[in-house]
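The structure appears below as structure tokens.
The values are calculated or read from the model by the stated rules, or taken from the named source; none is laboratory data. Worth saying up front: this structure is predicted, and the values here are computed from it rather than measured. When we count neighbours, we look across all protein chains shown, and the Cβ atoms used for this are built from the backbone with ideal geometry, even at glycine. SASA here: full protein model, heavy atoms, side chains in, ligands and nucleic acids out. Shrake-Rupley method; radii C 1.70, N 1.55, O 1.52, S 1.80 Å.
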Amino acid sequence: MSPRALDLSPPVSDEIKTTTCYMCACRCGIKVHLKGGEVRYIEGNRDHPVNKGVLCAKGSAGIMHHLSPARLSHPLRRVGPRGSGQFEAITWEEALSTAAGWLGAIRRRNPRELAFFTGRDQSQALTGWWAQQFGTPNYAAHGGFCSVNMAAGGLYSIGGSFWEFGEPDWVRTKYLLMFGVAEDHDSNPIKAGLGKLKARGAKFVSVNPVRTGYSAVADEWIGIRPGTDGLFVMALIHEILRAGKVDAEFLAAHTNMGWLVVEVPGAADDGLFARDGAGAPLCKDRRTGALSNAAGPEAAPALDAEVTLPDGRRAVSAFRLMALRYLDPAHAPEAAAEKTGVPAATIRRIAAELARVAFDEAVTLDQPWTDWTGKRHATMRGRPVAMHAMRGISAHANGFHTCRAIHLLQMLLGTIDVPGGFRYKAPFPRPIPPPVRPTGKAGQVAAEKPMPGPPLGFPQGPEDLLVDANGAALRLDKAFSWEAPLAAHGAMHMVIANAHAGDPYPIDTLFMYMANMAWNSAMNVPGTLAMLTDTKPDGSYTIPHIIYSDAFASEMASYADLVLPDTTYLERWDCISLLDRPISDADGPADAIRQPVVVPTRDVRAFQDVLLDLGARLGLPGMTTPEGAPAFPGGYKDYIVNHQRGPGVGSLAGWRGADGSKFGKGEPNPDQLARYIAHGCHWRHELKPEQRFFRYANQAYLEFAAAMGFIGKAERIVLQPYSEAMQKFRLAARGHGSVQPPSSLRPRIETAFDPLPIWYEGDGGAEAGDYPLHAVTQRPMAMYHSWGSQNAWLRQIHGSNRLYINRARAEAAGIEDDDWVWIESPRGRVKAQVRLMDGTNPNTVWTWNAIGKRAGAWNLAPDAPEATRGFLLNHLIAELLPPREGGLRYANADPVTGQAAWYDLRVRVRLAEDAEQGETEPRFEPLPAFPGVAPAPTLLRVGAPSKVRP
Ligand code: SF4
């Protein structure tokens, strides 16, 4: 062969299209290489603000997601008993008219009879609006069982939150303290950020019971006992208070620590802020000693103050209340050491390191800025300590308060949105709490009417709860009731149990999207399956109708009466909107789209298109023209461009206005999507340097945020380490106000609604003595929720999962590597194979999340490793805690937000008998294949036809 004939670099594609990855929640920009119209290869988009070209293994494996043998191919109607997996393929017209028939009857009768819940989709701005227009308050996405503690804890404290809504100042921070971070949110930015941080020699401390992922590359790993992070943080606070290492200037200028709190036990205003006649909070002026407006431009609050108000009431500063609490020996490192498993000397050292870096290594940017009072500052001074936290904090019954404790520590060190500290991402910060109330009170839900506001919001006090005159819940999941007052993301994990029990009322239709509630998203899986299939005395199903949309043959699809097959992320339009979960970074707001890069070869439709179609068939306001025609005949693509949430505010912020010359607000631009595509499917606005820090008080930023519609007015935001909103609930529990909790819940509200962070043990309903081990899960880097198990490449990494046990602990119990054990909780037992591990807290066992699959589901062979050796801990977790005095049963959840307490699980482990080795238990009946889903090939190959052979 002549050298000329050798093509050393054959083109891998004949076309390249940009879009946004959806193999996890990070939302990286990708370039999809196509050959002959088929996906050939995926690479990272170097111009994209999220990943700057970086692509993880999951992202590359998107091609196998798209080619999955588990893809559904037709709309389906159940023809056998529910859960039998017996379906017939039907046309879209049949499917949509059936769904519209069920939903239309509900809307004419009582919109509350529809429960519409979605999983980890990225179109909540659409789905929430759809529920509002339908008229049902029974709507939420999956945040209630994932992250609401993190979101609500932040939004009620600093007007923003961790997760992907804020980030460390990767360029300047010198010390990062990270708590329990999952690796599927903000994944590539965190990895890239850690790289920058380590290159600069900054210290990275990871607090996590398990040393994997980010913890494995930390400079120091603190293998804390699960659920005790709040104690650890309060001990750090104790130490920095004891050392006097707090940023008094920051606290006085930007927080409510100097505001005076009324202290009149038993009074209706006990614990509320003392206010003047105009309602302004009062402080003791540190210059004059007189009472003055604490929120005024001239305010100079004394942090440590005690006064007698003109009417004789006693009032003390919130700072004093805070300091008295955490200086108490109960919060000393010695007191925290035993429960947390972190030695007192370590806690003391970490506190000293935080203080040293914050105060002795402060950074100053030579960047003038103007604060909200009009005062010009020559520089920006920062405390280069950053913190970050995610699901490890969130998924405990004490997670809300733990999150607030971390934010309190940040505020004491003066490290919120300062150079080197935690930084907000647009559209945050927002007023605290955000001024959006949940809708769904008695007068707000009516037949054939939309609700006057969104289903989800942020109660400011008891009067915002969705309860009836007797204090009973008005939502199916009991979000925003006295059982979960600040359930800002709903409580999806309670929906099936409550619908089955008819508590607080029966529903007609459960409509779900991408929520695998018949398997890895459910607590108490066997019980949940029984609820889905249970019947009334007349033989009809207790939950009359179930509609489910998913792209794949998941376990939940088998329990639907009507299956609406979705596309994959490479086959549809999507928007990653500032109205939902944008892709902003700390230096600028950003959003993105997905465009279809390939045409589906199956009879499937994007769920968002289907939802708008149903909305038009039902005649929902906003989705129908006055003449009764669909308002968005082009489907979701049409909606993304033309829907306006408010004047000039739409799904996408870029290239607005008739000619695309505006951003943020502006009339719809018919060429908007073309502009996004020409720009790699993303838009970003770079903030001016003077707008990038102190955004709660930065005039230039606040004006920008108001112009963009992020906040209502360009008004400063006071950070709230002391939560007056929390105290209002507490006062209701003490018998004050017009909306009060039922007597059975008063002690719980009194305790949980402390205006300052507290710590209490979440036990998951188990006696620690009988069940001495904590059991937690984490998401593997190679998988996202349950989706990975149909992916031919990713399955090779995590085809089954092990139970990881601390080596010394296991050896003391006579357990060896590869042994099979029974994991037992008060709810049941699961059999799993063991892997010993040094980097695990000695009191903790753990496993990867959502690897175990039901035989036959996801088009897996009945003997697939996911089904025979993969297991879930879900079977061991109950959605309700054991009955208490009077038969009362609380949800297995945080009492403030209703967040599912997955990580409060307690177990014991014992060796399985020899005869029991080899396979997991419990096992369930294999599910049959869906019509139109061909048996999976034993070998799935991609790209072979275009392979170049010499
Ligand atoms: S981090 Fe997530 S979004 Fe980014 S490439 Fe990987 S899977 Fe895709």
Which three numbers, in whole Å and largest first, are the semi-axes of the equivalent ellipsoid of the range 727-859 derived from its Cα gyration tensor as √(5λ)? 39, 22, 14
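For the chain, what is the convex hull volume of the alpha-carbon atoms per residue, in Å³? Working shown, then result.
Numbers: hull volume 172.8 nm³, N = 950.
Convex hull volume per residue, Cα atoms: 182 Å³.
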Under the Karplus relation with 6.51, -1.76 and 1.60 and θ = phi - 60°, whole-Hz ³J(HN,Hα) for the range 674-685, x at Gly and Pro, equal 4, 5, 4, 4, 4, 9, x, 6, 9, 9, 8, 10
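Quote to one decimal, in nm, the extra length available between residue 97 and residue 603 on full extension: 0.36 nm per residue of separation minus the C-alpha distance between them.
Working: separation 506, 0.36 × 506 = 182.16 nm, distance 1.65 nm.
This chain segment gains 180.5 nm when fully extended.
Could you give the size of the charge dipole of the range 701-742 about its Cα centre, using +1 on the Cβ of each K and R and -1 on the Cβ of each D and E, expressed in debye and rounded to the nearest 20?
Value, rounded to 20: 220 debye.
Nearest 20 debye, what's the magnitude of the dipole of the chain about its Cα centre given +1 on Lys and Arg Cβ and -1 on Asp and Glu Cβ? Provide the component values of the computation, followed by the final result.
Numbers: 100 positive and 99 negative charges, 305 e Å.
My answer is approximately 1460 debye.
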For the range 451-567, Rg(Cα) over 2.2 N^0.38 Å is 1.14
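When N counts the residues of the range 290-429, how does its alpha-carbon radius of gyration compare numerically with 2.2 N^0.38 Å, as a ratio?
On the way: Rg = 18.3 Å, N = 140, 2.2 N^0.38 = 14.4 Å.
My calculation over the Cα atoms of the range 290-429 gives 1.27.
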Farthest towards the positive end of the dipole of the range 144-204, among 170, 149, 190 and with Cβ unit charges of +1 on Lys and Arg and -1 on Asp and Glu, lies the Cα of 170
Out of all DSSP beta bridges with both ends in the chain, state the antiparallel percent to the nearest 5. 65 percent
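If R0 is 51 Å, what FRET efficiency do you get for residue 472 and residue 9 from their C-beta distance, rounded to 0.05?
Numbers: r = 69 Å, r/R0 = 1.36.
The computed FRET efficiency comes out at 0.15.
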Normalised by the empirical 2.2 N^0.38 Å for globular proteins, what value does the Cα Rg of the range 44-110 take? 1.84
Could you give me the ³J(HN,Hα) list for the range 283-294, computed from phi with Karplus coefficients 6.51, -1.76, 1.60 and θ = phi - 60°, whole Hz, x at Gly and Pro? 9, 8, 5, 6, 8, 10, x, 8, 6, 8, 5, 6
Ranked from highest to lowest mean number of other Cβ atoms within 10 Å per residue, what is the order of the peptides 879-890, 569-580, 766-777? 569-580, 766-777, 879-890
Can you bin the range 591-644 into rounded, prolate or oblate? Criterion: square roots of the alpha carbon gyration tensor eigenvalues sorted a ≥ b ≥ c, rounded for a/c under 1.5, prolate for a/b above b/c, oblate for the rest. oblate
Starting at 0 and stepping by 5 Å, how many percent of the alpha carbon pairs of the range 1-158 end up in each bin? 2, 7, 9, 11, 13, 15, 13, 11, 9, 5, 2, 2, 2, 1, 0, 0
Per-residue HN-Hα couplings for the range 136-146 [Karplus 6.51, -1.76, 1.60; θ = phi - 60°; Hz; x = Gly/Pro]: 9, x, 7, 9, 5, 9, 8, x, x, 9, 10
Leaving out ligands, DNA and RNA, what percent of the accessible area of the chain is carbon and sulfur, probe 1.4 Å? 52 percent
Restricting to Cα pairs under 8 Å and 6 or more apart, the percent relative contact order of the chain works out to 17 percent
Return the long-range amide H neighbours of residue 207 (sequence gap of 5 or more, or a different chain), with a cut-off of under 5 Å between placed amide H atoms. 178, 179, 180, 222
With the other protein chains left in place, how much accessible area per residue, in square angstrom, belongs to the range 586-649 at a 1.4 angstrom probe? 37 Å²
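Want the number for residue 744 to residue 264: 0.36 nm per residue separation, take away the alpha-carbon distance, what's left? Please report the intermediate quantities before stating the final value.
Numbers: separation 480, 0.36 × 480 = 172.80 nm, distance 2.50 nm.
This chain segment gains 170.3 nm when fully extended.
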Could you work out how far the C-alpha centroid of the range 368-398 sits from that of the range 133-181, in angstrom? 14 Å
Give the accessible surface of the range 695-802 per residue, rounded to a whole number of Å², with probe radius 1.4 Å and ligands, DNA and RNA excluded. 34 Å²
Residues listed by number, the range 631-667, amide nitrogen under 20 Å from residue 625 label point at 7 Å toward C-beta: 631-645
Percent of Cα-Cα pairs more than 21 Å apart in the range 670-737, please. 56 percent
Could you sort the peptides 23-33, 733-743 by per-residue average Cβ neighbour count (10 Å cutoff), highest mean leading? 23-33, 733-743
Between 180, 660, 862, whose Cα lies farthest towards the positive end of the dipole of the chain when Lys and Arg beta carbons carry +1 and Asp and Glu beta carbons carry -1, centred on the Cα centre? 660
Which of the GluC sites (Glu not before Pro) across the range 298-342 are loop residues per DSSP, with 15 or fewer other Cβ within 10 Å? 298
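Would you please put 91-100, 683-692 in order of how densely packed they are, using the mean number of other Cβ atoms within 10 angstrom per residue and starting with the highest? Present the calculation step by step, with values, prior to reporting the outcome.
Working: 91-100: 16.4, 683-692: 18.4.
The peptides rank, most packed first, as 683-692, 91-100.
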Shape call, the range 829-931: gyration tensor on alpha carbons, a/c limit 1.5: oblate
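For the range 775-842, what is the percent of antiparallel DSSP beta bridges, rounded to the nearest 5? Mind showing how you got there, number by number?
Values: 6 of 10 bridges.
Bridges in the range 775-842 are about 60 percent antiparallel.
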For residue 513, which sequence-distant residues (separation of 5 or more, or a different chain) have an amide H within less than 5 Å of its own amide H, given hydrogens modelled in the peptide plane? 117, 118, 119, 549
Long-range amide H partners of residue 803 with built H, under 5 Å: 833, 834, 835
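Starting from the coordinates of the alpha-carbon atoms of the range 144-280, obtain the Kirkwood hydrodynamic radius over all distinct pairs and give the value in Å to one decimal.
Working: mean 1/r = 0.0558 Å⁻¹.
Final number for the Kirkwood radius of the range 144-280 is 17.9 Å.
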